[in-house]
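What follows is one structure encoded as structure tokens, with my remarks underneath.
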Amino acid sequence: MAQRSPAEIRSSIEANRMELALSVDRLRGEVARLTDWRGHVQRHRGQLIAGAAVVGVVMGIRMLRRRGGQD
């Protein structure tokens, strides 16, 4: 392995430090994007409304069936 001068080592460490800082910033952005539930709701509003409607209909039918059996 070739010997590096102290200046080369310092330069390499600084380059690695800058690259690591950039990677951490990218990771923070990705984590923020993935955990943004308000954004997910906004992007999938139609599907959420449709799902809620289906759940409401199913629950209503079950309640009517249960009520009809008790009378």
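The values are calculated or read from the model by the stated rules, or taken from the named source; none is laboratory data. Keep in mind that this is a model prediction, so the values were computed, not measured. With ideal geometry, Cβ positions are generated from the backbone for all residues, glycine too; neighbour counts draw on all protein chains shown. Each accessible area value is taken on the protein alone, full model and side chains, heavy atoms only, with ligands, DNA and RNA left out. Shrake-Rupley method; radii C 1.70, N 1.55, O 1.52, S 1.80 Å.
Given (1) exposed (fewer than 10 other Cβ atoms within 10 Å of the Cβ); (2) in a helix (DSSP H, G or I); (3) not β-branched (Val, Ile, Thr), identify the lone condition not met by Glu8.
Condition (1) is where Glu8 drops out.
Looking at the structure I just gave you, is Leu20 in a helix (DSSP H, G or I), at pLDDT below 95, surrounded by 10 or more Cβ atoms within 10 Å (Cβ to Cβ) and over 16 Å from the mean Cα position of the chain (by Cα)?
Against the criterion (in a helix (DSSP H, G or I), at pLDDT below 95, surrounded by 10 or more Cβ atoms within 10 Å (Cβ to Cβ) and over 16 Å from the mean Cα position of the chain (by Cα)), Leu20 does not qualify.
Which count do you get for residues in segment 23-53 that are open to solvent by less than 90 Å² (accessible area, probe 1.4 Å) and more than 14 Å from the chain's Cα centre (by Cα)?
Residues flagged as open to solvent by less than 90 Å² (accessible area, probe 1.4 Å) and more than 14 Å from the chain's Cα centre (by Cα) within segment 23-53 amount to 7.
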